[in-house]
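Engineer: Let me give you the structure first, and then I'll get to my questions.
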Amino acid sequence: METLPKIVIVGAGRIAWHLSKRLKGKGLPVSQIFSRTEENARELAETLNTAWTTNPAAILPEAEWVILAVRDDAIQGVASAIAPFVSKALVTHTSGATAGNVLAGCFERFGVFYPLQSFSHEHAPVWSKIPFCVDAALEADLLFLKKIAKIIGNLVYHVNDEQRVFLHVAAVFANNFANHCFSIAEKLLDEHNLPFELLHPLMEETIAKALQESPARMQTGPAARGDADTIHRHLALLYQHPEWQVLYNSMTLDINPNLAIGAIDN
Ligand SMILES: NC(=O)c1ccc[n+]([C@@H]2O[C@H](COP(=O)([O-])OP(=O)(O)OC[C@H]3O[C@@H](n4cnc5c(N)ncnc54)[C@H](OP(=O)(O)O)[C@@H]3O)[C@@H](O)[C@H]2O)c1
């Protein structure tokens, strides 16, 4: 990058911590942290050895890129609060579930810089494996975001607002719902004094195959086979967990809509 952009991060949560440290590590230091809670803003800024403020009017007037790393439902409010003090900068949020357009009324140059991964305070992200989904109102800003994403990560995709909301729904299925299924499996084994490790190789194989091939083609099990007797037995075994029966039933029918399951014997 020829000249270093003046970067301001808004927020001091998980994304703000990880992103600011990565930017700094790649020679793109953050010039200021602006966040609503003094303690959190100061703690992050001190780690980065940079400036901080809780006052929107004190945001660096020379800021060139403002990254809104606040909760989804706070993006619009924070954008309105800082808009009078950020006139020329490119302003992006980091949310997969929020349209970039929510920034349109506040800023001329706006966009999205969404790292598609689950970040937590405890785990160091593997940046080379994180897809950065970027978008911007202006072509030059899109190029800038792509360049930055390439510097701090490796995988860069141009994803527009409409695509991103569906990507986010897909991510909920692939991550949250898949994980919830793992958690049901763990509880079931626990109830019957079996260790969860028993399922680890199967889980690993499932993920490995889904990454190699279309998961739809890799589907096995009673639903895919149309094995109605086994499905009935499974549903009956789940009688103490009617909520899991409902999940099992709808998953089964979604895998194989031709199955006639009939009433469950509780
Ligand atoms: N974490 C992830 O895995 C992940 C992945 C991709 C994208 N994202 C996106 O990144 C953004 C930030 O997520 P996060 O995980 O970093 O959240 P987080 O750890 O919960 O931190 C949220 C930050 O937002 C601030 N905030 C919350 N409500 C606010 C309000 N009403 N006004 C002003 N500031 C407010 C908080 O300030 P305080 O410090 O004062 O509480 C905190 O600094 C979200 O848009 C999220 O969708 C997150």
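The values are calculated or read from the model by the stated rules, or taken from the named source; none is laboratory data. Since we're looking at a predicted model, the values are computed, not measured. Cβ placement follows ideal geometry from the backbone for every residue including glycine, while neighbour counts extend to all protein chains displayed. The protein model used for the area step is the full one, side chains on, heavy atoms only, and it has no ligands, DNA or RNA in it. Shrake-Rupley method; radii C 1.70, N 1.55, O 1.52, S 1.80 Å.
Engineer: Ignoring ligands and nucleic acids, what accessible area does Ser250 show with a 1.4 Å probe (Å², nearest 10)?
Structural biologist: Roughly 70 Å² of Ser250 is accessible to a 1.4 Å probe.
Engineer: Further question: Is segment 1-113 best put as rounded, prolate or oblate by its Cα gyration tensor, with a ≥ b ≥ c the root eigenvalues, rounded for a/c under 1.5, and otherwise prolate when a/b is larger than b/c, oblate when not?
Structural biologist: Rounded, since a/c falls under 1.5.
Engineer: Taking Lys150 as the anchor, which aspartates and glutamates have their alpha carbon closer than 17 Å to its alpha carbon, excluding any fewer than eight residues away along the same chain?
Structural biologist: By straight Cα distance, Lys150 reaches Glu2, Asp135, Glu139, Asp141.
Engineer: How do Ile75, Ile151, Ile184 rank by accessible surface area computed with a 1.4 Å probe, from largest to smallest?
Structural biologist: Result of the area sort, largest leading: Ile151, Ile184, Ile75.
Engineer: What do you reckon, how do Thr47, Thr3 stack up by accessible area (1.4 Å probe), largest on top?
Structural biologist: Thr3, Thr47
Engineer: Roughly how far apart, in whole Å, are the Cα centres of segment 5-51 and segment 60-97?
Structural biologist: 14 Å
Engineer: Taking amide hydrogens as modeled 1.01 Å from N in the peptide plane, which residues meet the under 5 Å criterion relative to Phe110, leaving out close sequence neighbours?
Structural biologist: Hits under the 5 Å cutoff: Val91, Ala137, Leu138.
Engineer: Please compute the contact order of the chain in relative form: average sequence separation of alpha-carbon pairs under 8 Å and at least six residues apart, divided by the residue count, as a percent.
Structural biologist: Across the chain, relative contact order equals 11 percent.
Engineer: Starting from the amide H of Trp52, placed 1.01 Å from N in the peptide plane, find each other amide H under 5 Å away whose residue is 5 or more places distant or on another chain.
Structural biologist: Correct list: Ile33.
Engineer: Grab the DSSP H runs of the chain that are 4 residues or longer, score each as -39,500 (n - 2.57), total them, divide by all residues and round the 222 nm result to the nearest 500 deg cm²/dmol.
Structural biologist: -13000 deg cm²/dmol
Engineer: Using a 1.4 Å probe, what is the accessible area per residue for the chain, in Å²?
Structural biologist: Value for the chain: 58 Å² per residue.
Engineer: Between Pro29, Ala124, Ala137, whose Cα lies farthest towards the positive end of the dipole of segment 7-159 when Lys and Arg beta carbons carry +1 and Asp and Glu beta carbons carry -1, centred on the Cα centre?
Structural biologist: The one lying farthest along the dipole's positive direction is Ala124.
Engineer: Using +1 at the C-beta of Lys and Arg and -1 at the C-beta of Asp and Glu, which of Thr53, Ile151, Gly13 has the Cα lying farthest in the positive direction of the dipole of segment 7-159?
Structural biologist: It is Ile151.
Engineer: Each residue of segment 152-161 in turn: what ³J(HN,Hα) in whole Hz from Karplus with 6.51, -1.76, 1.60 and θ = phi - 60°, glycine and Pro shown as x?
Structural biologist: Each residue's phi maps through the Karplus curve to give 8, x, 8, 9, 10, 10, 8, 10, 7, 4 Hz.
Engineer: Here is a further query. Keeping all protein chains in position, work out how much accessible area Asp190 exposes to a 1.4 Å probe, and write it in Å² to the nearest 10.
Structural biologist: Here the residue's solvent-accessible area equals roughly 110 Å².
Engineer: Determine, from the Cβ-Cβ distance of Gln212 and Ile151 and an R0 of 35 Å, the FRET efficiency 1/(1 + (r/R0)^6), rounded to the nearest 0.05.
Structural biologist: According to the calculation, E is roughly 0.75.
Engineer: Name the residue from Pro115, Val78, Trp65 whose Cα lies farthest towards the positive end of the charge dipole of the chain, charges +1 on Cβ of Lys and Arg and -1 on Cβ of Asp and Glu.
Structural biologist: Checked the options; the winner is Trp65.
Engineer: Mind listing the phi-derived Karplus ³J(HN,Hα) values for segment 131-138, rounded to whole Hz, using 6.51, -1.76 and 1.60 with θ = phi - 60°, and x for any glycine or proline?
Structural biologist: Residue by residue, segment 131-138 yields x, 9, 9, 10, 7, 7, 5, 10 Hz.
Engineer: Just for the chain, what percent of DSSP beta bridges are antiparallel, to the closest 5?
Structural biologist: 20 percent
Engineer: Based on Cβ point charges of +1 for Lys and Arg and -1 for Asp and Glu, what charge dipole magnitude is obtained for the chain about its Cα centre, in debye rounded to the nearest 20?
Structural biologist: The dipole of the chain has a size of about 880 debye.
Engineer: Once a ≥ b ≥ c are taken as the square roots of the eigenvalues of the Cα gyration tensor of the chain, is the result rounded (a/c under 1.5), prolate (a/b larger than b/c) or oblate (a/b not larger than b/c)?
Structural biologist: prolate
Engineer: Using heavy-atom solvent-accessible surface (probe 1.4 Å) with all chains present, what is the largest-first order of Tyr114, Tyr248, Tyr239?
Structural biologist: Sorted descending by solvent-accessible area, the residues read Tyr239, Tyr248, Tyr114.
Engineer: Further, regarding this structure: Going by the alpha-carbon gyration tensor, a ≥ b ≥ c the square roots of its eigenvalues, is segment 219-266 rounded (a/c under 1.5) or, if a/c is not under 1.5, prolate (a/b greater than b/c) versus oblate? List each step's numbers first, then the result.
Structural biologist: On the way: a/c = 1.84, a/b = 1.60, b/c = 1.15.
It comes out prolate by the Cα gyration axes.
Engineer: List every residue whose amide H lies under 5 Å from the amide H of Val70, counting only residues 5 or more places away in sequence or on a different chain, with H placed 1.01 Å from N in the peptide plane.
Structural biologist: Thr94
Engineer: If I compute solvent accessible area with a 1.4 Å probe over the protein chains, what percent of it on segment 67-200 is carbon and sulfur?
Structural biologist: 58 percent
Engineer: Given a 10 angstrom Cα cut-off, can you work out which residue in Ala137, Ala81, Ala216 is the most mobile in a GNM of the chain?
Structural biologist: Result: Ala216 has the largest fluctuation of those listed.
Engineer: Follow-up question, since we're still on this one. Suppose R0 equals 41 Å; then what is the FRET efficiency for Asn176 and Glu62 from their Cβ-Cβ distance, rounded to the nearest 0.05?
Structural biologist: Values: r = 40 Å, r/R0 = 0.98.
That gives a FRET efficiency of 0.55.
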